[in-house]
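Single-structure report; data block below.
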Amino acid sequence: MTERTLTVGEAADRVGLTTYTLRWYEQEGLVAPVGRDTAGRRRYTERDLDWLVLLTRLRRTGMPVRDMRRYAELARQGDRTNPARLALLKAHRDRVLARMAELEEDLTVLNYKINSYGSTSGCDA
């Protein structure tokens, strides 16, 4: 039985990216070259989609493209690179947690200002 594959447009829709971004990810080495049909059109497997979802999450959490590229290179080298991949992901997680703490502080100030508008008719800032 042949695995069902998706066109670049279908894959883009499934993972919430543009077709341009999918092609760019491949060009930049973030995605291994995907399979192609007899007409030369890209065909994405479920495994490709899982990888794209991970890339989307990494990018959405602010991972620089150079770190995403490094992670992809390591992943293609196999299990022997697990320690390096783990270190890269832990470092990124630390940056995400620091950013979340900053955002929590910012939200506290924002909530304070919102509440101050409810308790007075005027506000200094």
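Taking each residue of the range 83-108 that is over 12 Å from Met63 (Cβ atoms) and looking for partners that are part of a helix (DSSP H, G or I) with beta-carbon atoms closer than 7 Å, six or more apart or interchain, yields Ala84/Leu74; Arg85/Tyr71; Arg85/Leu74; Arg85/Ala75. What do you reckon, is Val53 in a helix (DSSP H, G or I) and touching a helix residue (DSSP H, G or I) at 6+ places or on another chain (Cβ under 7 Å)? It is true that Val53 is in a helix (DSSP H, G or I) and touching a helix residue (DSSP H, G or I) at 6+ places or on another chain (Cβ under 7 Å). In the range 33-51, of all residues being closer than 20 Å to Gln77 by Cα and exposed (fewer than 12 other Cβ atoms within 10 Å of the Cβ), the one that is nearest to the chain's Cα centre (by Cα) corresponds to Asp50.
For every residue, the table says whether it meets (1) modelled with pLDDT under 95; (2) in contact with a Leu (Cβ under 6 Å, 6 or more places away or on another chain); (3) of a type in the set (A, V, I, L, M); (4) within 30 Å of Leu103 (Cα to Cα).
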position	(1), (2), (3), (4)
Pro33	yes, no, no, no
Asp50	no, no, no, yes
Arg66	no, no, no, yes
Asn82	no, no, no, no
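Look at Arg14 and say whether it is surrounded by 11 or more Cβ atoms within 10 Å (Cβ to Cβ), modelled with pLDDT under 95 and in contact with a strand residue (DSSP E or B) (Cβ under 9 Å, 6 or more places away or on another chain). Judged against the criteria, Arg14 is not a match.
The values are calculated or read from the model by the stated rules, or taken from the named source; none is laboratory data. Quick caveat: nothing in here was measured; it's all calculated off a predicted structure. Here the Cβ is made from the backbone with ideal geometry for all residues, glycine too, and neighbour counts use every protein chain on show.
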